[in-house]
Amino acid sequence: MMYIMRRTQLYLDDELWGTLRIRSQQAGTTVSHLVRQAVREKYSTALAGRQQAMRAFAGIWKDRADLADPEAYVRALRKGSRAKRLR
């Protein structure tokens with residue numbers, strides 16, 4: 001698998017830099033690896049969780065008996081005067 005890495009520059013205070021340096025030495029890895037791992041854990045997992053929730057949510061109304069014609073339901077909602085009131 002081939003992927004592209006982007007270079008970025010971060011400004012870290014001495015305390016954070018020292019913590020990362022010590023942790024990287026303990027783990028036998030680089031500070032860069034620790035930063036990438038932390039960003040991935042913080043933001044990628046949140047994205048994966050949102051995607052999983054959306055997959056579970058998709059089609060949730062498919063078995064509703066009171067919405068025999070979903071297209072008509074949506075059209076009825078759109079016929080309201082809300083858009084005119086917002087102008």
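Quick check on this structure: which one of R75, R55, R40, R64 is of a type outside the set (S, T, N, Q) and closer than 30 Å to Y11 by Cα?
Answer to the selection: R40.
Can you name every one of the helices (runs of 4 or more DSSP H) wholly within the chain that holds 1 or more residues which are surrounded by 10 or more Cβ atoms within 10 Å (Cβ to Cβ) and in contact (Cβ under 8 Å) with a residue 24 or more places away in the chain? Explain how you work it out, then say what you get.
On the way: elements: 14-27, 31-39, 45-57, 70-78, 82-86.
Of the helices (runs of 4 or more DSSP H) lying wholly inside the chain, those with at least 1 residues that are surrounded by 10 or more Cβ atoms within 10 Å (Cβ to Cβ) and in contact (Cβ under 8 Å) with a residue 24 or more places away in the chain span 31-39.
Read-outs throughout are calculated quantities, based only on the coordinates presented, and are distinct from any laboratory measurement. All figures in this text were calculated on a predicted structure; none of them were measured in a lab. FYI the Cβ positions are ideal-geometry reconstructions off the backbone, even for glycines, and counts take in every protein chain you see.
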